[in-house]
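K.L.:
Sending over a structure as structure tokens; questions will come in a sec.
The values are calculated or read from the model by the stated rules, or taken from the named source; none is laboratory data. Here the structure is a predicted model, which is why all the values come from computation and not from measurement. With ideal geometry, Cβ positions are generated from the backbone for all residues, glycine too; neighbour counts draw on all protein chains shown. Note: areas computed on protein heavy atoms with side chains; ligands, DNA, RNA excluded. Shrake-Rupley method; radii C 1.70, N 1.55, O 1.52, S 1.80 Å.
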Amino acid sequence: MSTESNAPHPWPYPSHDSPDVARLQSRLPPLLSVIAGMVDVIGFLSLGKLFTSHVTGNLVVIAALLVRGGPPNMAQILAVPVFIGAVGAVWLIAKAFDRHGLALARPLLLVQCLLLTCVLIVSAIYNPAAHPHGLMAGVAAMIAVAAMACQFALLRLAVPGAPSTAVMTGNLTNTVLSLLDTLSRGEPLIEGANERLQKTFELVVGFFAGCIAGAAAVSWLRDWAWSLPVVLAGVAVALVPGRLGSIRMTSGR
């Protein structure tokens, strides 16, 4: 007992936790990609054509408005600094927990789940979709942007080797290249093409499925459409074994 508490564990986790870590690394990114697709399309359809996770899209709109003129969409403009601030806040939370790697996954997933729950509460009470450019729509949009910023930062901090779960351009490129390498009879251009193909293909399919489910939820559930990503965010929290965090905290001492 004392040996386990005093000796540092191998990085990132003890060998007996390797199956849990491997399962988490394979299951978490596809699930997060579904959540990202849902949040992006629900926000786009109900919160004034705002991209909650695709910051590049908001930058394009801002640039177009600056050059060509037109009524500014304050939510799209505010989304960029809010995203930056939320990423910084996640970094501060990670520092406060004093954890590294997958030990950060559970607390950061809890933060994301709480933020999405706040979006659901605001939507259910104030019906921001009825006034997509109003104040409460803007509030809901910024909370959703913060939730997606948390997801981006979570992956970079907790699963640094994972592909993006919200920006599909790179994943689609990797999928096509890996597929061509897999089908080619010659020397592959990309190392580990089969494994890369499986991972990126799952993310692209997951994101697209999330978009379809989110669009259907807006049509059928309206303001309660946000309940779908909230439920999936809760599932993501449940995927992470609680002992991962306690192991890392013990080894850090």
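K.L.:
Charges on Cβ only, +1 for Lys and Arg, -1 for Asp and Glu, centred on the Cα centroid of the chain; of LEU45, THR165, GLY70, which one is farthest towards the dipole's positive end?
P.N.:
GLY70
K.L.:
Still on this model: Evaluate 2.2 N^0.38 Å with N set to the residue count of the stretch 57-101, then give the Cα radius of gyration divided by it.
P.N.:
Scaled against compact globular proteins, the figure is 1.66.
K.L.:
Another question, then. Taking the solvent-accessible surface of protein heavy atoms with a 1.4 Å probe, what is the per residue accessible area of the chain in Å²?
P.N.:
Working: 13100 Å² over 253 residues.
Accessible area per residue, the chain: 52 Å².
K.L.:
Per residue, how big is the convex hull of the stretch 174-214 when only Cα atoms are used? Give it in Å³. Walk me through the intermediate numbers first.
P.N.:
Numbers: hull volume 2.0 nm³, N = 41.
It comes to 50 Å³ per residue, whole-number rounded.
K.L.:
Just need the relative contact order of the chain here, percent rounded to a whole number, with Cα pairs under 8 Å and 6+ apart.
P.N.:
Values: 353 pairs, mean separation 87.8, N = 253.
About 35 percent, as a whole number.
K.L.:
Quote the charge dipole size of the chain about the Cα centre in Debye, to the nearest 20; the model charges only the Cβ of Lys and Arg (+1) and of Asp and Glu (-1). Let's see the in-between values first.
P.N.:
On the way: 15 positive and 11 negative charges, 67 e Å.
Computed charge dipole of the chain: roughly 320 debye.
K.L.:
Can you tell me how the stretch 144-253 classifies by the Cα gyration tensor, rounded, prolate or oblate, using a/c under 1.5 as the rounded cut? Provide the component values of the computation, followed by the final result.
P.N.:
Working: a/c = 2.66, a/b = 1.20, b/c = 2.22.
Oblate is the answer for the stretch 144-253, as a/c is 1.5 or above yet b/c matches or exceeds a/b.
K.L.:
Sorted by packing (mean other beta-carbon atoms within 10 Å per residue), highest first, where do 133-139, 205-211, 111-117 land? Mind dumping the intermediate values first?
P.N.:
On the way: 133-139: 17.6, 205-211: 20.3, 111-117: 22.3.
By packing density, highest mean first, the sequence is 111-117, 205-211, 133-139.
K.L.:
Could you derive backbone 3J(HN,Hα) for the stretch 223-231 from the dihedral phi with the Karplus parameters 6.51, -1.76 and 1.60 (θ = phi - 60°), listing whole Hz in sequence and x where the residue is Gly or Pro?
P.N.:
Values per residue, Gly and Pro as x: 5, 8, 4, 5, 5, 5, x, 5, 4 Hz.
K.L.:
Using the alpha-carbon atoms, what tilt in degrees (0 to 90, nearest 10) does helix 55-68 show relative to the longest principal axis of the chain?
P.N.:
30 degrees
K.L.:
On a C-alpha basis, how far is the centre of the stretch 55-70 from the centre of the stretch 102-161 in Å? Whole number, if you could?
P.N.:
Between the Cα centres of the stretch 55-70 and the stretch 102-161 lies a distance of 23 Å.
K.L.:
I've got another one for you. For the stretch 205-210, in order, what is each residue's ³J(HN,Hα) by Karplus, 6.51 cos²θ - 1.76 cosθ + 1.60 with θ = phi - 60°, in whole Hz (x at glycine and Pro)?
P.N.:
For the stretch 205-210, the Karplus-derived couplings read 5, x, 5, 5, 4, x Hz, x marking Gly and Pro.
K.L.:
Obtain the nm distance between the two label points defined at LEU78 and VAL205 by a simple spin-label model: each point lies 7 Å from its Cα along the Cα-to-C-beta direction.
P.N.:
Reported label-point gap for LEU78 and VAL205 is 3.9 nm.
K.L.:
Taking the chain as the reference, fit the longest principal axis to its C-alpha atoms, fit the long axis of helix 168-183 to the helix C-alpha atoms, and give the angle between the two in degrees, 0 to 90, nearest 10.
P.N.:
Around 50 degrees separate the two axes.
K.L.:
Is the chain rounded, prolate or oblate when judged by the Cα gyration tensor, a ≥ b ≥ c being the square roots of its eigenvalues, rounded requiring a/c under 1.5 and prolate requiring a/b larger than b/c? Show your work: numbers first, answer last.
P.N.:
Details: a/c = 1.99, a/b = 1.35, b/c = 1.48.
Verdict is oblate for the chain.
K.L.:
Accessible area of the chain with a 1.4 Å probe: how many percent of it is carbon plus sulfur? Walk me through the intermediate numbers first.
P.N.:
Working: 8830 of 13100 Å².
Here it works out to 67 percent.
K.L.:
Report relative contact order for the stretch 101-193 in percent, whole number only (criteria: Cα-Cα under 8 Å, sequence separation at least 6). Write out the running numbers ahead of the final one.
P.N.:
Details: 70 pairs, mean separation 25.7, N = 93.
Normalised by residue count, the contact order of the stretch 101-193 is 28 percent.
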